[in-house]
Amino acid sequence: TSDYRVAVFGAGGVGKSSIVQRFVKGTFSDNYVPTIEDTYRQVISCNQKNVCTLQITDTTGSHQFPAMQRLSMSKGHAFVLIYSLTSMQSLEELGPIIMMLKEVKGSAIGEVPIMLVGNKKDEDSKREVSTAVGTKLSSQWGTGFIETSAKNNDNITELFQQLLSREKKRQLAL
Ligand code: GDP
Ligand code: MG
């Protein structure tokens, strides 16, 4: 079976590990666990009658060395860029990530599935980034956009469904 590699990027504390854990294990923890880069595998359907291995790499965010970020980018087929909607700063930190992605992927960037994700949708009283700002940025960047809550299991499956549906070279589905 062939691999389909997804890398997750974002500042520390935005909920990268929580989103991946929620998606692959269906669990959520309130405790902050600093991650060592970790990869999770799941079988998905590929071109109707075949299967592929969906490989999701939960990166360590800002603790990752630029050379490692580049490597994750060059190996990855698709990308999830996460900020916390309670932190404008965390959205700003995605700027250099998208720049680096464009540089690494070059002219192929238009065909690379990317989802911009505003996590912690359940914390609306602490919101610093409006839905409109996220939507506008995603259209500037040419990415998909979704707001999620790993805590409430809101839009987590949808996030990965939308990511896979952006892949035009293979027909991928959960
Ligand atoms: P990472 O550094 O990006 O991997 O972030 P973590 O997944 O470790 O999460 C950082 C903190 O945010 C933890 O305390 C999580 O419990 C919390 N968290 C993650 N997702 C959500 C969410 O959707 N809502 C709320 N309220 N807290 C969240
Ligand atoms: Mg983490």
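Throughout, read-outs are computed from the coordinates displayed, never taken from laboratory work. All figures in this text were calculated on a predicted structure; none of them were measured in a lab. Cβ atoms come from the backbone with ideal geometry, glycine included; neighbour counts cover every protein chain shown.
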Original post:
Which semi-axis lengths, in whole Å and largest first, follow from the square roots of five times the eigenvalues of the Cα gyration tensor of the stretch 132-174?
Top reply: 19, 18, 4
Original post:
For Val33, Val20, Val112, Val51, what's the fewest-to-most ordering of other Cβ within 10 Å of each Cβ?
Top reply: Val33, Val51, Val112, Val20
Subject >> Relative exposure of Lys16, Lys75, judged by other C-beta atoms within 10 Å (fewest first) >> reply: Lys75, Lys16
Original post:
Simple spin-label model, 7 Å along Cα-to-Cβ: Val33 to Ser107 in nm?
Top reply: 4.5 nm
Subject >> Estimated [θ] at 222 nm from DSSP helical runs (n ≥ 4, -39500 (n - 2.57)) normalised by residues in the chain, nearest 500 >> reply: -9500 deg cm²/dmol
Subject >> Net lengthening on full extension, Ser45/Lys126 (0.36 nm per residue, minus Cα-Cα) >> reply: 25.3 nm
**OP:** For Met100, put the label point 7 Å out on the Cα→Cβ axis and report which residues of the stretch 69-91 keep their amide N under 14 Å from it.
**Re:** 69-76, 80-82
Original post:
Under Stokes-Einstein, with the Kirkwood radius over Cα pairs standing in for Rh, what whole-number D in µm²/s applies to the stretch 17-174 at 37 °C and 0.692 mPa s?
Top reply: 202 µm²/s
Subject >> Total lysine pairs under 24 Å (Cα atoms) in the stretch 120-174, excluding pairs fewer than 8 apart on one chain >> reply: 7
**OP:** Nearest 5 is fine: what % of DSSP beta bridges in the stretch 26-157 come out antiparallel, could you say?
**Re:** 50 percent
**OP:** For the stretch 1-99, count all C-alpha to C-alpha pairs, find those more than 20 Å apart, and express that count as a whole percent of the total.
**Re:** 39 percent
Original post:
Hey, fewest Cβ within 10 Å first, where do Lys168, Lys49 land in order?
Top reply: Lys49, Lys168
